[in-house]
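A short worksheet on the structure shown next.
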Amino acid sequence: MSGLWKKLTSKLGRSNQAPHGPTVIPRDEHCVSRRLISDSALKVIHRLNQADHEAYLVGGGVRDLLLGGEPKDFDVATDATPEEVRALFRNSRIIGRRFRIVHVRFGREVIEVTTFRGNHDAPQTNSKAKAKHSARNESGMLLRDNVYGSMDEDALRRDLSINALYYSSRDFAVYDFVGGLDDLNNRLVRIIGDPETRYREDPVRMLRVVRFAAKLDFDIEANTEAPLTKLAPLLEDIAAARMFDEVLKLFMNGCALQTYALMQRYGLFAPLFPATQRLLDTQSPATTELIHQGLANTDARIQEGKPVTPAFLYAILLWPVVKQLHQELLDDGVPPIPALHQAAERCLHKQQQRVAIPKRFSLPMRDIWELQLRFEKQSGKRAAQLVENRYFRAGYDFLLLREQAGEVEGQLSQWWQAFYEAQPDTRQGMQQHAQDDSDRERRPRPRRRRRRPRKDT
């Protein structure tokens, strides 16, 4: 790869870069090939071109191909408006309000099509018309970002230089307006424009900076890095519904542990999970270890191609809070299971204000947490009923994480693993043995009568 990058970067000062235009890398000087691009993405680009629209592959797809990787998805940028794109593709729909885009669906594959964004500060004769497409709040955050412009304006409106590279299927060239090739060569994540201004426009860009730094193992450029800690509290103003998806992008990309470390370095975790962060700030080794083990487990499963559910991820991040609330309720005399239900309810109610967790995930989370208490009871019919629970495996995996973090003894998980794999008659024996042990623990020991010493006569 080093030879390729020397070849690419040697071209940056040549005549193919206009005074105010892009650096153009012709086909024989880059490694992006049409055979590596999704057929669906090429179909979208071709149809837009046929309709006399500009259309380019853009963003992560181009970046990953230049790095020798295999993109998971492909995005297209065009001068066609969302309505014009929708008219060309029956298999499409317009989504978003703040930032309108078009999803073109081919079976399970979705090609995301965006219209070239323009400069919000450009003067317009009709201020009312502009207000329909662009709006900011008092702190400078963009509430609507649907001002359309040219390709070069679009490049400047993108967040990171390495995500602002365009590939044309007409001339097979790569277009670089903002030095993205240099940053790829130098392994740098750099925000386009003034970092503080861009973060205030959309604080989520701070999360994207650390996510890509962790994912690509890149350094964060100095000016891009400088405002992160100061502006981290701006994330508190982001809609909770939007933050749910952002958290999944952060922690379900196979680099959760590295991402989490960067978030802690710049104070970006606290605005998303304030209650968990308060416990981490108390320097609780068990809390820290549980989150580390949980994120490492998530990374391992993703790298092995195993499924990971958001319910399990959020259960890990919020369990320390639930455990603390549960103990407080127990101290107040509330029975264990009702106390856990109340603790889960309080925790989720507060968390929903920062990150909205849909019920299809919050309900399994509650089951995973409740199983942790029920695992402590191995006697009677409870054990046999428990292994039939639909979330038994998830609950058991969670128990293993707690064991690795030092919360519970290893014998508990070993017993349940053996019980799960045992035949029915063996299970009965294990249950009876557990029942006998439980009875012995509950049975009061007979009090020994103290013998009075003999009196000497």
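The figures follow:
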quantity	calculated
The stretch 359-372 - phi-based ³J(HN,Hα) in whole Hz, Karplus 6.51/-1.76/1.60, Gly and Pro as x	4, 5, 10, 5, 5, x, 4, 4, 5, 4, 5, 5, 4, 4
For the stretch 103-109, 3J(HN,Hα) per residue [Karplus equation, 6.51 cos²θ - 1.76 cosθ + 1.60, θ = phi - 60°, Hz, x = Gly/Pro]	9, 9, 9, 10, x, 8, 8
Cβ-Cβ FRET estimate between Thr426 and Val334, R0 fixed at 35 Å, reported to 0.05	0.45
Length added when fully stretched, Thr288-Asp397, from 0.36 nm per residue minus Cα-Cα	37.4 nm
Burial ordering of His292, His30, fewest other beta-carbon atoms within 10 Å first	His292, His30
For the stretch 292-404: rounded, prolate or oblate by the Cα gyration tensor [a/c cutoff 1.5]	oblate
Cα-based shape type of the stretch 190-272, given that a ≥ b ≥ c are square roots of the gyration tensor eigenvalues and the cut on a/c is 1.5	oblate
Nearest-0.05 FRET efficiency for Ala226 and Arg27, computed from C-beta distance (R0 41 Å)	0.60
The stretch 330-377-the stretch 211-283 distance, computed between alpha-carbon centres (Å)	25
In nm, spacing of pseudo-spin labels at Lys350 and Leu248 (7 Å Cα→C-beta vector)	2.6
Under 5 Å, built H, 5+ apart or other chain: amide partners of Val189	Asp219, Ile220, Glu221
FRET efficiency, 1/(1 + (r/R0)^6) with R0 35 Å, evaluated for Gln342 and Lys381 via beta carbons	0.85
Cα shape, the stretch 223-331, gyration tensor, a/c 1.5 rule	oblate
Charge dipole (the stretch 310-439, unit charges on Cβ, about Cα centre) - positive-most of Ala405, Gln351, His326	Gln351
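Laboratory data are not the source of any read-out in this text; all were calculated from the coordinates shown. Since we're looking at a predicted model, the values are computed, not measured. Positions of Cβ are backbone-derived with ideal geometry, glycine not excepted, and every protein chain shown enters the neighbour counts.
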